[in-house]
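Only the coordinates and a few stated rules stand behind these numbers; no lab work does. Here the structure is a predicted model, which is why all the values come from computation and not from measurement. For neighbour counting, all protein chains shown are included, and Cβ atoms are generated from backbone atoms with ideal geometry for every residue, glycine included.
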């Protein structure tokens, strides 16, 4: 009995020590990243389109302090913060225009990219304005591109990030699944169209996550974070068609940035 009690005490002590070490390690990792620079790359989901309060100096890139990169920087005070994500960006735009701030001192990089390469805006325009059959055909065309052509484009971006910022923690974030099926919407797209669009988002995320993992990068599952907050959920963190601000359509609201994207980045950074 005495030996068993001693072993139990030793085991408990070691477990507590391990937890303490793990917590200290996580805090040290966060401090290390804050001590280095933070560079936020990507497209409109990173620039914050849909969240409002756009910085006039960012022009058509439509960056906002309500976007998750700006929120993370405000909370963690990195040594430097370069917010270069831009609405409409494709993989080629990241390579050509956004990698300049990366260097050996960069501690954290975040990124959303791939949706525009796959023709996101055209898919949604087609589905809103045309028939279900035409919508589904356009979605399938986008899915074929995602499977055949997007992986190499992502590889080019991911490789260049590592080349320019060899010590950075790179967090690749995905995209929301747009619709809650059989939800509260009584008008708009058909369930068949919503199902097709969700399936395309799932495929896009699976390709992005696989390529990120192959480069040793952390992947943030945004679809999971937005579950319960899709369009037709009754508590959406996404704009549907917004006729008074069409560019905001199908983008996260300010709540989607702070309640969806930011916690996922926090968990990976």
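Some values worked out for this structure:
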| quantity | calculated |
| --- | --- |
| Alpha carbon convex hull of the stretch 36-268, projected area averaged over orientations, nm² | 11.5 |
| Three semi-axes of the equivalent ellipsoid, the stretch 160-269, Cα gyration tensor, whole Å, largest first | 29, 15, 12 |
| Percent of Cα-Cα distances greater than 17 Å, calculated over the stretch 107-160 | 45 |
| Calculated FRET efficiency for the pair residue 160/residue 190, C-beta based, R₀ 30 Å, to 0.05 | 0.15 |
| Relative contact order for the stretch 36-268, counting Cα pairs under 8 Å that sit 6 or more residues apart, in percent | 23 |
| The stretch 52-122 shape via C-alpha gyration tensor axes, a/c threshold 1.5 | oblate |
| The chain: calculated mean residue ellipticity at 222 nm from DSSP helix runs of at least 4, using -39500 (n - 2.57) | -15000 deg cm²/dmol |
| Most fluctuating residue given options 73, 144, 218, as computed from a GNM of the chain linking Cα atoms under 10 Å | 144 |
| Residues residue 167 and residue 240, FRET efficiency given R0 of 35 Å [Cβ-Cβ distance, rounded to 0.05] | 0.25 |
